[in-house]
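Student: Structure provided below as structure tokens; questions to follow.
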Amino acid sequence: MVFIEAAKESDIKAGTGKPVNINGIMIAIFNVNGNFYAIDNICPHRGGPLGEGELDGNVVTCPLHGWQFDVTTGKHIMMPQSVKTYKTKVENGKIFVEI
């Protein structure tokens, strides 16, 4: 696995997320109080774009049907489903995701 540049810190304001394509893999990166977390962008329910969902604290709500995931763990808030998480790091204002 290797860290790949995915976005600039300035691209993702605190309390928001952004979908990114890294080598054909759709990932959602979220800024939770200055800490960056990355999960699969595709909701397992009906394929909604999690990176376009509303972020409340560390919980993102899928814009299609309201499924909610903790972006720090990838776990669904109420059910046993989860989405894959990816390690992130920030260097010189750039966000890198481990793929």
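Bear in mind these aren't lab numbers, they're just calculated from the coordinates by the rules spelled out. What you are looking at is a predicted structure, and each value in this text was computed from that prediction instead of being measured. Backbone-built Cβ (ideal geometry, glycine too); neighbour counts: all protein chains shown.
Matching residues to (1) acidic (Asp, Glu); (2) loosely packed, with under 12 Cβ neighbours inside 10 Å:
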| residue | (1), (2) |
| --- | --- |
| Glu54 | yes, no |
| Asn58 | no, no |
| His65 | no, yes |
| Phe69 | no, no |
| Gly74 | no, no |
| Val83 | no, no |
| Tyr86 | no, no |
| Lys89 | no, yes |
| Lys94 | no, no |
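Student: Show the residue pairs meeting these rules: Cβ distance below 6 Å; 6+ apart or different chains; first residue within segment 55-68 and touching a residue at least 60 places away in the same chain (Cβ under 8 Å) and under 20 Å from Phe36 (Cβ atoms); second residue hydroxyl-bearing (Ser, Thr, Tyr) and in a loop (DSSP other than H, G, I, E, B).
Tutor: Once the first residue is touching a residue at least 60 places away in the same chain (Cβ under 8 Å) and under 20 Å from Phe36 (Cβ atoms) and sits in segment 55-68, no partner that is hydroxyl-bearing (Ser, Thr, Tyr) and in a loop (DSSP other than H, G, I, E, B) comes close enough.
Student: Working only within segment 13-43, note down all residues that are part of a loop (DSSP other than H, G, I, E, B), surrounded by fewer than 21 Cβ atoms within 10 Å (Cβ to Cβ) and touching a residue at least 24 places away in the same chain (Cβ under 8 Å). Spell out the reasoning first.
Tutor: So the first thing to find is which residues in segment 13-43 are part of a loop (DSSP other than H, G, I, E, B), and the list is 13-16, 23-24, 33-34, 41, 43.
Now drop any that are not surrounded by fewer than 21 Cβ atoms within 10 Å (Cβ to Cβ), which leaves 13-16, 23-24, 33-34.
Within segment 13-43, Gly15, Thr16, Asn23 qualify.
Student: Which of (1) at negative phi; (2) in a loop (DSSP other than H, G, I, E, B) does Gly47 not meet, given it meets every other one?
Tutor: It fails just one condition, (1).
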